[in-house]
1. Which of the residues that make up the range 136-159 are within 17 Å of the chain's Cα centre (by Cα) and of a type outside the set (Gly, Ala, Ser)?
2. Considering only residues that are within 19 Å of residue 134 (Cβ to Cβ) and either buried (at least 24 other Cβ atoms within 10 Å of the Cβ) or of a type in the set (D, E, K, R) (or both), which ones fall in the range 79-95?
3. Can we say residue 57 is surrounded by fewer than 20 Cβ atoms within 10 Å (Cβ to Cβ) and at pLDDT 95 or above?
4. Taking the condition of being of a type outside the set (D, E, K, R) and over 20 Å from residue 252 (Cβ atoms), how many residues in the range 118-160 meet it?
5. Could you tell me whether the range 214-228 includes any residue that is on the phi > 0 side of the Ramachandran plot and without any contact (Cβ under 8 Å) to a residue 40 or more places away in the chain?
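The values are calculated or read from the model by the stated rules, or taken from the named source; none is laboratory data. Owing to the predicted nature of the structure, the values given are computational and were not obtained by experimental measurement. All Cβ positions, glycine included, derive from the backbone under ideal geometry; neighbour counts span all protein chains shown.
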Amino acid sequence: MKTLTVLVLLLSPLLLGACAPGLDKERTTAASASMNESTIKLARGNLGSGDADTAIDLFNQVLKRDPGNFDARMGLGDAALLQGQTETAHQYYVVAAQQFPNAPEPLLSMGRADIILRHLDVAERDYGKARMMAPKDTRPLQGLGVVLDLQGRHLEAQNYYHEALTLRPDDVSVRSNLGLSLALSGNPREAVNVLLDIATASNAPPQTRQNLALAYGLAGNAEAAESILSNELERTAVENDLKYYRLLRQRMALAGAGPVPGGTQP
């Protein structure tokens with residue numbers, strides 16, 4: 001019995017030693033994942049402050065350790081977009097879409113880049129694919145709305161915005177784009193009704209207030225438009241915008257709605 005006890009005690013370290021490589025590998029993997037997460041967070045912080053070069057270095061560090069890291073792959077595209085390198089950003093997103101074929105995010109980002117490049121037909125296709133992947137996500141619907149508005153297909157665009165609002169009724173970005181679309185399709189008073197409550201909120205994005213100013217201008221209420229613009233812009237810019245509203249209103253009266261001057265992208 002004593003001999004057996006000694007054998008057990010002698011074997012125990014060997015058994016523990018046999019498990020050690022697996023445990024070490026697991027710990028190494030966990031440490032690497034934690035490091036990648038911290039690096040990506042730091043890179044995103046640099047992007048937020050406008051330092052795209054540092055962000056790119058950090059994203060590449062992550063990809064060197066983990067070539068299949070989704071966040072780092074997308075981050076390279078976002079950094080290139082921030083630098084104004086839209087074609088390069090689009091290529092990064094294409095690679096991400098190929099690497100992660102079931103994720104809608106690369107397609108959404110491709111669509112955003114396509115809009116900047118004015119490849120509207122391609123953007124419509126990208127957002128359509130993303131919509132099929134994520135039918136409950138409002139972002140593809142909003143993207144389709146923006147693309148159609150840019151093509152002057154305002155009524156079709158509004159259908160997508162309304163569909164998005166059935167999913168997220170309080171989505172400020174969607175409602176802002178819906179208001180802009182209504183204004184440019186010859187319904188500025190309805191646009192004012194849609195935009196008024198969201199544009200006057202303390203945390204309203206500037207684009208929402210500018211859309212409301214446009215709606216007032218197209219409705220013929222230059223005083224209200226000027227009041228909003230004066231809180232956002234220098235006097236020269238205010239006067240230029242008011243002139244543009246008058247010109248656009250005249251054109252719409254003669255020939256219908258013109259092209260969208262801007263909008264909130266998804």
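1. Scanning the range 136-159 gives 136, 137, 138, 139, 140, 141, 142, 144, 146, 147.
2. Step one: list which residues in the range 79-95 are within 19 Å of residue 134 (Cβ to Cβ), which gives 93-94.
Correct list: 93 only.
3. Working: surrounded by fewer than 20 Cβ atoms within 10 Å (Cβ to Cβ): yes; at pLDDT 95 or above: yes.
Considered against the rule, which asks whether it is surrounded by fewer than 20 Cβ atoms within 10 Å (Cβ to Cβ) and at pLDDT 95 or above, residue 57 comes out as yes.
4. Residues of the range 118-160 of a type outside the set (D, E, K, R): 119-120, 122-123, 127-128, 130, 132-135, 138, 140-148, 150-152, 154-155, 157-160.
Next, from what is left, pick out any that are over 20 Å from residue 252 (Cβ atoms): 119-120, 122-123, 127-128, 130, 132-135, 138, 140-144, 147, 159-160.
Residues flagged as of a type outside the set (D, E, K, R) and over 20 Å from residue 252 (Cβ atoms) within the range 118-160 amount to 20.
5. yes
Residue-wise test of (1) crowded, with 19+ Cβ neighbours inside 10 Å; (2) out of contact with any Phe, Trp or Tyr (no Cβ under 6 Å at 6 or more places or on another chain); (3) within 21 Å of residue 70 (Cα to Cα).
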position	(1), (2), (3)
102	no, yes, yes
110	yes, no, yes
117	no, yes, no
125	no, yes, no
135	no, yes, no
149	yes, yes, no
152	no, yes, no
156	no, yes, no
178	yes, no, no
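Conditions tested, residue by residue: (1) in contact with a Leu (Cβ under 8 Å, 6 or more places away or on another chain); (2) without any contact (Cβ under 8 Å) to a residue 40 or more places away in the chain.
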residue	(1), (2)
92	yes, yes
97	yes, yes
103	no, yes
108	no, no
117	no, yes
128	yes, yes
132	no, yes
135	no, yes
